[in-house]
Structures are given as structure tokens and as C-alpha cells.
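The values are calculated or read from the model by the stated rules, or taken from the named source; none is laboratory data. Since the structure is predicted, the reported quantities are computational estimates derived from the model, not experimental observations. Virtual Cβ from ideal backbone geometry, glycine too; neighbours counted across all protein chains shown. For the accessible areas, the whole protein counts, side chains as well, though only heavy atoms, and no ligand, DNA or RNA atoms are used. Shrake-Rupley method; radii C 1.70, N 1.55, O 1.52, S 1.80 Å.
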Amino acid sequence: HEPIHRVAIVQDIVIDPDMRRQHIGSRLLKIARQWASEADAARLMVEVRTKNYPMISFCLANGLMFCGYNDRYLPNKDIAVFFGETLG
């Protein structure tokens, strides 16, 4: 959580491969939204590596919108893309 900018950032959502496709990730995102709202964040953002197409699809399927990228954000020089939403 970055209180100055009122943004909560999800850096990782990790689900065991055997447990995927059971909406666990969506439930975790719902809890993150609730926590961010209670922490007075105005926005929730999820960072994703451009190579992680399943996570990009997950973000879009859960109503998050593309909101930018940073080509110097990750230490291994991968490009990070950001998906977010306004909390209300």
C-alpha cells in the first residue's frame, strides 16, 4: 500500500497448479480489493510481466483495465504492465 498516492499494489498472486481454475485467484483479488478499500486506497493496481499472458487474461477477466507499463521496473529487465481499477 502506498498511502501517499492512495494506491494498493498486488505484486503476486500465486496459485498451486493443481488448484487453478477453481476461482481461488478471483477470491484472493476480491479480498485484496476489500483490504485496499479499508486501508483508504483509491486505486488497486496489479503488476504483471509482459510474458505472463495467463495473468494478463486473469486481470482482464476480473474487470481490471490496462493502465500503463514500465520498461525499467523489474530487476531482470522484463517489462511490467499494470492493470488497475478505481475503488469505490
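One table, with the values for the structure above:
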{"quantity": "Ratio of Rg to Rh over the chain (Cα coordinates, Kirkwood Rh, two decimals)", "calculated": "0.96"}
{"quantity": "Segment 1-43 - accessible surface per residue (Å², probe 1.4 Å)", "calculated": "80"}
{"quantity": "FRET E, pair Asp40, Arg72, Förster distance 30 Å, beta-carbon r, rounded to 0.05", "calculated": "0.55"}
{"quantity": "Packing-based ranking, highest mean first, of 63-72, 15-24, 34-43 given that Cβ atoms within 10 Å are counted", "calculated": "34-43, 63-72, 15-24"}
{"quantity": "Accessible surface of the chain, 1.4 Å probe, proportion on carbon and sulfur as whole %", "calculated": "54"}
